[in-house]
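Everything below concerns the one structure shown next.
The values are calculated or read from the model by the stated rules, or taken from the named source; none is laboratory data. On a predicted model such as this, the values are computed, not experimentally measured, just so you know. Every residue, glycine as well, gets a Cβ built from its backbone with ideal geometry; the counts of neighbours run over all protein chains shown. What goes into the accessible areas is simple: the full protein's heavy atoms, side chains included, and nothing from ligands, DNA or RNA. Shrake-Rupley method; radii C 1.70, N 1.55, O 1.52, S 1.80 Å.
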Amino acid sequence: MASHSPISRFSPLTSNELELVLQWRNQPHIRQNMHSQDEITWVQHEAWFDALKNDESRCFFVFYQNDRPIGVLNFSEHQSTPYTLEWGCYIGEDDVWPGSGLLLEIAALQYALELKGAAVLYAEVLSFNKSVIKLHTLFQYTPLEDGREFKRDGEKHVVKRFEYKREQWQRNKPKVLSRLPKQISAAANFIQFDL
């Protein structure tokens, strides 16, 4: 891939990308990091999409990198006060620009805390998903008390919970971005949302 900064565009999911998103979602390495590991059928996926279209508390974006769909970023209103958005994401393609996961972190914080004006961005990560926990630590999320315990393949795990307050992001953003590789900080200037 080219070394210059990619344009990262986040566009609301349409029926045109529905088949591709299902293909991504059912990949074993993506399913293993989800609360539910079950493979999703086309009928279930269509029903989910129909419900999504009528639910103003949720939004689901396809992550386009230089006009190529490579993953998703989604948000849902969390049942708490003050106004809190919970987020999730995954990259469905293999040959993506290095640092695309970091761009997803930046995009999530920008969308929730800057564009939508949420007071808090909330995230849950399964405890064995070490790479995402490491990313949240790098970005200086506040760890919360662990969530529920669960068993997977005979081993006990927990749901790790994190939050990021708007004022915390306003304060930390310059420092966090300055610690990232220069090409990531530069690419952060090319994050766009089709709203």
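Annotations for the structure displayed:
- Placing +1 on the Cβ of every Lys and Arg and -1 on the Cβ of every Asp and Glu, with nothing else charged, gives the chain a dipole about its Cα centre of roughly 920 debye.
- Dipole of segment 52-177, positive direction: furthest Cα of LEU126, ASN74, GLY147, with charges on the beta-carbon: GLY147
- If a spin label sat at a point 7 angstrom from the Cα of LYS130 along the line to its beta carbon, the backbone N atoms of segment 153-194 nearer than 19 Å would be those of 153-161.
- Candidates GLY154, GLY99, GLY117: whichever shows maximal mean-square fluctuation once the chain is modelled as a Gaussian network with Cα springs under 10 Å: GLY154
- About its Cα centre, segment 88-195 has a charge dipole of approximately 480 debye under the convention of +1 per Lys or Arg Cβ and -1 per Asp or Glu Cβ, with nothing else charged.
- Long-range Cα-Cα pairs in segment 47-148 (distance over 24 Å), rounded percent: 25
- Note on segment 50-195: antiparallel DSSP beta bridges, both residues inside, total approximately 90 percent of the bridges counted.
- For peptides 135-141, 75-81, sequence by mean Cβ density within 10 Å, most packed first: 135-141, 75-81
- If you plug the beta carbon distance of PHE150 and HIS45 into 1/(1 + (r/R0)^6) with R0 = 25 Å, you get a FRET efficiency near 0.55.
- Using only alpha carbons, segment 153-195 has a radius of gyration to Kirkwood radius ratio (Rg to Rh) of 1.18.
- Surface composition of segment 67-119: carbon plus sulfur atoms hold 48% of the accessible area, using a 1.4 angstrom probe and ignoring ligands, DNA and RNA.
- Using a Gaussian network model of the chain in which every pair of alpha carbons under 10 angstrom is joined by a spring, one finds that among SER100, SER57, SER185 the greatest mean-square fluctuation is at SER57.
- Convex hull volume of the C-alpha atoms in segment 121-195, normalised per residue: 131 Å³.
- P(r) of segment 1-113 over all Cα-Cα pairs, binned every 5 Å from zero, in whole percent: 2, 10, 21, 24, 21, 14, 6, 2, 0
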